[in-house]
Each structure stands twice: as structure tokens, then as C-alpha cells.
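Engineer: The structure that follows is given in the form of C-alpha cells.
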Amino acid sequence: MNVEPVDEHEVTALLDGLAALLTDTVAGGASVGFLAPLGHAEAADWWRRRAAAVADGRLAVWVARDGHRVTGTVSLALPDKPNSRHRAELVKLMVSRAVRGRGLGRRLLATAEEAAAAAGITLLHLDTETGSPAEHLYRTAGWTRAGAIPDYAADPHGELRPTTLYFKQVGVRLGAPAGTG
């Protein structure tokens, strides 16, 4: 499976595959901001709006494909404030249920981390549903738990669930102050 960055035109060209991945992720119970059932048209519309964020540099997106089929994605939301340009939020790490367990989630995560470091970003952060399989991935990939917030977001079935916040320093030597790595 190839993992590649995509621009706004490629996001638009891949709308059907990205929408199918998002609906599969929600149908599988992952809490990625949507309630079930999520229709294909709604998922495609959501991705269509992401293309504008990619175009203006607020979002970086990578897509994994097996041939022409979209099998995974991850994004970095990039801040626009001068005091926060050293950090980014890792968002919407999704892997198709058909290919889970093959290391694609870890590969997408590493791709985003490496790209962030190459771009001079030194701090990544994310939130994930407490107790979810994603939480295991982040812990074993060296992310640090910052804390949990009760009843933060509804899962796909509408039940309020806690969210755990994680962070990871990238592109800096361990123990070195940011900016000296």
C-alpha cells in the first residue's frame, strides 16, 4: 500500500474513496466526530470541505491506497497563529476495517510525524476516545498521555465518552529545548 501526501485536487479526485473510508470507520464504531449511520453523501461533502483547508495550507493530508482503493488516511491540522506555528494537531487517522492489523495505522502515524518534523514542527497533539484501540497505537508509538476529559464527545451511537489527550515531541533531540534540535 502506498502512502502519499495529497493536494486539494487529489482530495477532490478521491472523494468517493475517502467518503467510503469515513463511513466504514464510523460504521466500525470509531469516534471520529460523526454519528452513525453516516451516509456516503454527507461523508463526501465533509471531505470536499477539507479540500479548501488543504488548498490554503491549514491541513496536510496523506492517503494510503491499495491500487485505486483508499485504505487509510491521516491529517495534520496546522495552526495559523504566530505563537503556535511549532505545533500541529494530528487528526482523522483512519484505516479501513478490511486492512486493519497489518501495520497501516502505525505507518500513517509515522508518516505524519516525519513530515511534521521535516516541516519544522516540534510538537504534535491529538485527542482520542479513552479506551479505544487507537489509544493503544498512540501509547506504543511513544505518545505521552496528557490527561482525560469526561463526556467530551459522543461516540457514533450518541453515547458521551471520555477523551484522552496525547502529545509527542518530534524533530528535536530528547532533552534538548525546542529550537535546538
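The values are calculated or read from the model by the stated rules, or taken from the named source; none is laboratory data. Because the structure is predicted, anything quoted here is derived from the model rather than measured. Positions of Cβ are generated from backbone atoms using ideal geometry, with glycine treated the same way; all protein chains shown enter the neighbour counts.
Engineer: Tally time: how many residues in segment 128-145 are hydroxyl-bearing (Ser, Thr, Tyr), under 14 Å from the mean Cα position of the chain (by Cα) and over 18 Å from Gly72 (Cα atoms)?
Structural biologist: Number of matching residues: 0.
Engineer: When you go through Ala44, Ala51 one by one, which is the residue that is at pLDDT 95 or above, in contact with a Leu (Cβ under 7 Å, 6 or more places away or on another chain) and surrounded by 15 or more Cβ atoms within 10 Å (Cβ to Cβ)?
Structural biologist: None of the other options fit; the residue is Ala44.
Engineer: Can you tell me how many residues in segment 108-127 are under 12 Å from the mean Cα position of the chain (by Cα) and touching a residue at least 60 places away in the same chain (Cβ under 8 Å)?
Structural biologist: So the count comes out to 2.
Engineer: Taking Ala60 and the conditions (1) farther than 20 Å from Leu109 by Cβ; (2) assigned to a strand (DSSP E or B); (3) of a type outside the set (Val, Ile, Thr), which numbered condition does it fall short on, given that it satisfies the others?
Structural biologist: That leaves (1) as the condition not met.
Engineer: Sort out which residues of segment 135-172 are more than 24 Å from Thr23 (Cβ to Cβ) and either among the basic types (Lys, Arg) or outside any strand (DSSP E or B) (or both), and write them in order of number.
Structural biologist: Within segment 135-172, Arg139, Thr140, Ala141, Gly142, Trp143, Arg145, Lys168, Val170, Gly171, Val172 qualify.
Engineer: Does Gly175 meet the test of being of a type outside the set (Phe, Trp, Tyr), over 21 Å from Ala27 (Cβ atoms), assigned to a loop (DSSP other than H, G, I, E, B) and modelled with pLDDT of 95 or more?
Structural biologist: In short, no.
Engineer: Something else: Can you report the number of residues in segment 27-56 which are closer than 16 Å to Thr71 by Cβ and not aromatic (Phe, Trp, Tyr)?
Structural biologist: Result for segment 27-56: 5.
Engineer: Just checking, does segment 83-106 include any residue being part of a helix (DSSP H, G or I), more than 25 Å from Met1 (Cα to Cα), more than 15 Å from the chain's Cα centre (by Cα) and free of Cβ contacts under 8 Å to residues at least 60 places away in the same chain?
Structural biologist: Yes; the residues of segment 83-106 include at least one that is part of a helix (DSSP H, G or I), more than 25 Å from Met1 (Cα to Cα), more than 15 Å from the chain's Cα centre (by Cα) and free of Cβ contacts under 8 Å to residues at least 60 places away in the same chain.
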